[in-house]
Amino acid sequence: MKARSVTPDRKYLFRMRLIATTVALAILAGGILLGMILTLTGEIRPGGAIALLFVNIVLNGLWWLIALILIGPYYHSLRYEVQDDEVVVNAGIWTKSVKHVPYRTVTNLEVKRDVVDRWLGIGTLNIQTAGMSGQKGAEERLVGLSNVQDVYASVAEELRRFRGGMAPTQADFEVEPAVAQPGGLGEILAEVRAIRKSLEER
């Protein structure tokens with residue numbers, strides 16, 4: 001099968017910007033509330049509250065602008081490839097990372113949508129592997145997919161096809177012959193066989 005390339009929907013870009021803006025507004029509101037409380041309790045003077053608000057706005061606005069600038073390149077760096085033996089995840093701005101998730105290690109696939117995802121009509125495909133079993137989270141996350149169910153079906157189909165092609169051979173199940181141990185089951189089995197052979201000869 002030819003590798004299928006998938007990229008996040010632009011709604012995911014909007015989601016990241018929305019979350020960054022929401023966090024910035026929450027921090028700003030918290031700073032204003034803190035300044036009001038300290039002023040009312042007499043901990044600081046009104047001038048100090050204004051200075052605190054100014055610092056809050058400057059620092060909060062600085063990280064918010066940096067976040068908005070970096071969100072775009074990060075979004076455009078996201079790319080997923082569904083191949084016949086693995087899923088490849090490309091991401092990163094300055095440091096480009098390419099992660100391979102072989103189907104032989106996959107233990108579970110999960111489609112996840114939170115409230116914002118359902119509102120925007122997107123979702124995330126979580127891929128859990130044997131190395132992550134019993135741990136919180138997933139090995140890899142294919143985020144911001146508008147066709148997440150379609151991608152899930154493609155990965156599940158390739159996973160079934162891959163495992164179907166791994167038919168076990170006789171060599172896979174070869175084991176060493178059991179060696180009889182003195183006083184153990186091997187000795188008892190040998191005695192039973194000797195008695196049976198003796199009875200058959202009679």
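Key figures
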read-out	value
Fully extended contour minus Cα-Cα distance, from ILE50 to LEU18, at 0.36 nm per residue	8.8 nm
³J(HN,Hα) computed for each position of the range 4-18 - Karplus, 6.51 cos²θ - 1.76 cosθ + 1.60, integer Hz, glycine/proline x	9, 9, 10, 10, x, 5, 5, 5, 5, 4, 4, 4, 5, 5, 5
The range 1-157 - accessible surface per residue (Å², probe 1.4 Å)	60
Solvent exposure, largest accessible area first (probe 1.4 Å, DNA, RNA and ligands not counted), of SER5, SER77, SER97	SER5, SER97, SER77
Global geometry of the range 34-94, whether rounded, prolate or oblate, following the gyration tensor of its Cα atoms and the 1.5 cut on a/c	prolate
Under-5 Å amide H pairs with GLU86, H placed in peptide plane, nonlocal only	TYR103
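The values are calculated or read from the model by the stated rules, or taken from the named source; none is laboratory data. Note that the structure is a prediction, hence the values are computed from the model and not measured. Note: areas computed on protein heavy atoms with side chains; ligands, DNA, RNA excluded. Shrake-Rupley method; radii C 1.70, N 1.55, O 1.52, S 1.80 Å.
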